[in-house]
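Here's the structure we're looking at; comments come further down.
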Amino acid sequence: MANLTISRTSSDHFFSFTSSQNEFSLILSKSAAETLHKARLDVAINPSTWKAILLAAGASGFENSMVNSVARILAQEQICLYYMSTWNQDFILVEATQLNGALKILKKLLTREYK
């Protein structure tokens, strides 16, 4: 058992904790990940930097069909995503190297130019 406190050192405060049967997943800022690494906890850190795109804000949320459309279109363009939903917000995370491409595709989708 470990108790870990990560102090916020910047305004970059995105943090998600997910537990499944086989693992715990943390999505957090690069500085917080570095803190974990320095603590020498038994964690694997993905070296890729991912960027969050807010899809919807507010309690209404995104419909499943829209999430499926976004995921399908990005997959067709070979853009990997990680989808996260809270009660109040829906995000997709994409690798930083694919951010511009994802934003361009989403803009086309939202303006109905994408086929």
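The values are calculated or read from the model by the stated rules, or taken from the named source; none is laboratory data. All values derive from a computational prediction rather than experimental measurement. Positions of Cβ are generated from backbone atoms using ideal geometry, with glycine treated the same way; all protein chains shown enter the neighbour counts.
Output the residue which, of all residues in the range 77-92 that are at pLDDT 90 or above and at negative phi, is farthest from the chain's Cα centre (by Cα). Before the answer, list the steps.
Going through the range 77-92, the residues at pLDDT 90 or above turn out to be 77-81.
Subset that is at negative phi: 77, 79-81.
On the way: Glu77: 18, Ile79: 13, Cys80: 11, Leu81: 7 Å.
Only one residue fits best here, namely Glu77.
Within the range 68-115, how many residues turn out to be in contact (Cβ under 8 Å) with a residue 24 or more places away in the chain, of a type in the set (S, T, N, Q) and farther than 26 Å from Leu26 by Cβ?
Count: 1.
Filter the range 38-67 down to the residues that are exposed (fewer than 11 other Cβ atoms within 10 Å of the Cβ) and in a helix (DSSP H, G or I), then identify the one that is modelled with the lowest pLDDT.
Here the answer is Asn64.
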